[in-house]
Amino acid sequence: MLLLRCPLLLLLLPLSSRTQKLPTRDEELFQMQIRDKAFFHDSSVIPDGAEISSYLFRDTPKRYFFVVEEDNTPLAVTVTPCDAPLEWKLSVQELPEEASGEGSGEPELLEQQKQQITNEEGTELFSYKGNDVEYFVSSSSPSGLYQLDLLSTEKDTHFKVYATTTPESDQPYPELPYDPRIDVTSLGRTTVTLAWKPSPTASLLKQPIQYCIVINKEHNFKSLCAVEAKLSSDDAFMMAPKPGLDFSPFDFAHFGFTSDNNAGKERGFLKSLSKFGRQASLKPRVDLHKVCIGNKNIFTVSDLKPDTQYYFDMFAVNTNTNMSTAYVGTFARTKEEAKQKTVELKDGKVTDVFIKRKGAKFLRFAPVSSHQKVTFSVHSCLDAVQIQVRRDGKLLVSQNVEGVRQFQLRGKAKAKYLIRLKGSKKGASMLKILATTRPNKQLFPSLPDDTRIKAFDKLRTCSSVTVAWLGTQERNKFCIYKKEVDDNYNEEQKKREQNQCLSPDTRKKSEKVLCKYFHSQNIQKAVTTETIRGLQSGKSYLLDVYVIGHGGHSVKYQSKLVKTRKFC
């Protein structure tokens, strides 16, 4: 079987009384033709036993040809729509009879045979309209010229075609098991476990098969080609060709082949895109994920959202042919998030809160008496946390909090406040929160915007270091502590000690340097310095400054790593 574009076909048709026969598939010749990319380039020839990929412009039909030379020949044709429904029809007509006489190949004879081939309607064998992968299979097909007509009425689209006269021996598509469904064996809030029966192509024929899972929130897919189309941010998963040109089926850089011609270049309206723009347009969409897992037939999909419906598709891919078959897709809704226990806040009492990584906690504050104002003070001990405050369902506050923050809201009789705290993506979060209707009750000390400790390198000696930090207009008590650390002490270790909620009570007495009170009415001059003496030469020290409020609660500044000079 050979697929022939009309001009190529006419060259092979009889031009004299000594007519040349159209060859049936010769395996050695076929493999040679497959290796020669020019053989099928810009051609409407369907090769025997190879899948081709091509492009349709909307409302522009495309026709392919192939010849079956002998009667009673097995035939299988598969058409795979990618990202739009197709209308396609397969028909056959008799081959032109051989010319009589000593034909000389004159133009009149060539034109006469062209009309004989292209003007006859032929007999329709099969037609289909839709976006399913559809097949025409016959165990005994008549000889003749076969035509495959395709049309997309919805939009420009890609498609794939496979035709063969040896369907029993080729079997390029993985075979599905007797039960091709995907089973959901386990369902959680963020996980779904899937299982499926293996393809007989792998279990019986021992061909290399890998399984690819596709997860999305919209719908199931009927082919891997449709998935690849969706993964592109453009309407199609490859750039459209120039009008009048087909893609060469073996010349797609998109599929890992090196391109050395212009068959895959953009249409005119795409040429204005910059190189950067084209790369950006091919970025996968975030709501569709494909993962290939080898030959396993059970897999757990994780990191899903609770109470969300997902669609799951499974494709068996023959790694020798890169051709795939779709299992029957399924869908499942993850379980709801466990209802959070709401913590009741008491007026004027500090509450400690621990939040798991990416987790959330809910707190409730219901003042028992009438009030003009409500103050929420939050002290984030580690990374920043997100706080939302609602009063009777209305959102009043939504901010990220790092360090100490205070929010003062106008009161309302019999109001109830719901506080939602969301943890960091980096790790677990710890914080202290205070809710009060008494505006003068402030347990946490006020902090400057910058809580870093600055070390003066020029004032560094073999036995001392000089540091400075910012204060506020409020008079507070500051305590400074030192701890000797190894020379290989790094930022990761320092980060583990950044819990700002730990009080000086957790420190050894020998680590304490001094405590002092400090403030300045002029915020520009609210800076204090201190020289720490009695250190050993060439040693590293971790310095901490604690500010202690009137209520006894302390906040730690960011730790500072310093090192004394080794030689003085």
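State the number of residues belonging to the range 522-546 that are in contact with an Asp or Glu (Cβ under 8 Å, 6 or more places away or on another chain) and among the aliphatic types (A, V, I, L, M). Working first, answer last.
Step one: filter the range 522-546 for residues in contact with an Asp or Glu (Cβ under 8 Å, 6 or more places away or on another chain), giving 536, 539-542.
Checking the rest, the ones that are also among the aliphatic types (A, V, I, L, M) come to 542.
Looking only at that region, the number is 1.
Do any strands (runs of 3 or more DSSP E) lying entirely in the range 492-568 carry at least 3 residues that are closer than 22 Å to D449 by Cβ, and which ones are they?
Working: elements: 512-518, 527-532, 540-548, 554-556, 560-563.
In the range 492-568, the matching strands (runs of 3 or more DSSP E) lie at 512-518, 527-532, 540-548, 554-556.
Could you check how many residues of the range 402-435 are within 28 Å of the chain's Cα centre (by Cα) and open to solvent by 60 Å² or more (accessible area, probe 1.4 Å)? Explain how you work it out, then say what you get.
Step one: filter the range 402-435 for residues within 28 Å of the chain's Cα centre (by Cα), giving 421-429.
Filter again for open to solvent by 60 Å² or more (accessible area, probe 1.4 Å), leaving 422, 425-426.
So the count comes out to 3.
Here's the yes/no breakdown for (1) open to solvent by 30 Å² or more (accessible area, probe 1.4 Å); (2) without any contact (Cβ under 8 Å) to a residue 12 or more places away in the chain; (3) out of contact with any Ser or Thr (no Cβ under 7 Å at 6 or more places or on another chain):
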{"site": "P177", "(1), (2), (3)": "no, no, no"}
{"site": "T185", "(1), (2), (3)": "yes, no, no"}
{"site": "R189", "(1), (2), (3)": "yes, no, no"}
{"site": "S203", "(1), (2), (3)": "yes, yes, yes"}
{"site": "K206", "(1), (2), (3)": "yes, yes, yes"}
{"site": "N216", "(1), (2), (3)": "no, no, yes"}
{"site": "F221", "(1), (2), (3)": "no, no, yes"}
{"site": "C225", "(1), (2), (3)": "no, no, no"}
**OP:** Please go through the range 110-130 and pick out each residue that is in contact with a Leu (Cβ under 7 Å, 6 or more places away or on another chain) and at pLDDT below 90.
**Re:** L110, Q113, K114, I117
Original post:
If you take the residues in the range 320-335 that are in a loop (DSSP other than H, G, I, E, B) and within 23 Å of the chain's Cα centre (by Cα), which one is modelled with the lowest pLDDT?
Top reply: N322
Original post:
Taking the condition touching a Cys at 6+ places or on another chain (Cβ under 6 Å), modelled with pLDDT of 85 or more, surrounded by 13 or more Cβ atoms within 10 Å (Cβ to Cβ) and closer than 25 Å to S377 by Cβ, does Y557 pass?
Top reply: no
Original post:
Here are some residues: T78, T60. Which one is under 30 Å from C225 (Cα atoms), of a type in the set (S, T, N, Q), outside any strand (DSSP E or B) and at pLDDT 85 or above?
Top reply: T60
Subject >> Selection from the range 409-461 of residues that are β-branched (V, I, T) and over 15 Å from R391 (Cα atoms) >> reply: I433, T451, I453, T461
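Could you list, in sequence order, the residues of the range 436-446 that are of a type in the set (V, I, T) and open to solvent by less than 20 Å² (accessible area, probe 1.4 Å)?
At the first step, the residues of the range 436-446 found to be of a type in the set (V, I, T) are 436-437.
The answer is T436, and nothing else.
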**OP:** Just need a number here: residues in the range 551-560 that are in contact with a strand residue (DSSP E or B) (Cβ under 8 Å, 6 or more places away or on another chain) and either at positive phi or not basic (K, R) (or both).
**Re:** 5
Original post:
Would you pick out the residues in the range 381-401 that are closer than 13 Å to L421 by Cα and loosely packed, with under 13 Cβ neighbours inside 10 Å?
Top reply: S398
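Return the residues of the range 305-328 that are closer than 17 Å to N220 by Cβ and crowded, with 20+ Cβ neighbours inside 10 Å; say none if nothing qualifies. Before you say what the answer is, go through the steps one by one.
So the first thing to find is which residues in the range 305-328 are closer than 17 Å to N220 by Cβ, and the list is 308-316, 324-328.
Across the range 305-328, the qualifying residues are F312, D313, M314, F315, A316, S324, T325, A326, Y327.
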**OP:** Select from the range 155-173 the residues that are in contact with a helix residue (DSSP H, G or I) (Cβ under 8 Å, 6 or more places away or on another chain), farther than 24 Å from K230 by Cα and buried (at least 20 other Cβ atoms within 10 Å of the Cβ) and list them in ascending order.
**Re:** T164
**OP:** Of the numbered conditions (1) surrounded by fewer than 16 Cβ atoms within 10 Å (Cβ to Cβ); (2) among the small types (G, A, S); (3) at pLDDT 90 or above, S152 fails exactly one; give the number of that condition.
**Re:** (1)
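For the range 322-338, what are the residues that are among the aliphatic types (A, V, I, L, M) and farther than 15 Å from Y173 by Cβ? First the steps, then the outcome.
First pass over the range 322-338, keeping only residues among the aliphatic types (A, V, I, L, M): 323, 326, 328, 332, 338.
V328, A332, A338, listed by residue number.
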Subject >> Set L395, L382, L363: member being without any contact (Cβ under 8 Å) to a residue 24 or more places away in the chain and either in contact with a strand residue (DSSP E or B) (Cβ under 7 Å, 6 or more places away or on another chain) or assigned by the TED database to the domain that holds V192 (or both) >> reply: L395
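Specify which of the listed residues (Y517, Y546) is open to solvent by less than 50 Å² (accessible area, probe 1.4 Å) and either within 30 Å of D352 (Cβ to Cβ) or among the aliphatic types (A, V, I, L, M) (or both). Spell out the reasoning first.
Numbers: Y517 fails: open to solvent by less than 50 Å² (accessible area, probe 1.4 Å).
The conditions single out Y546.
The values are calculated or read from the model by the stated rules, or taken from the named source; none is laboratory data. Owing to the predicted nature of the structure, the values given are computational and were not obtained by experimental measurement. Note that each Cβ is placed from the backbone with ideal geometry, even for glycine, and that neighbours are counted across all protein chains shown. Areas reflect the complete protein model, heavy atoms only, side chains present, ligands, DNA and RNA absent. Shrake-Rupley method; radii C 1.70, N 1.55, O 1.52, S 1.80 Å.
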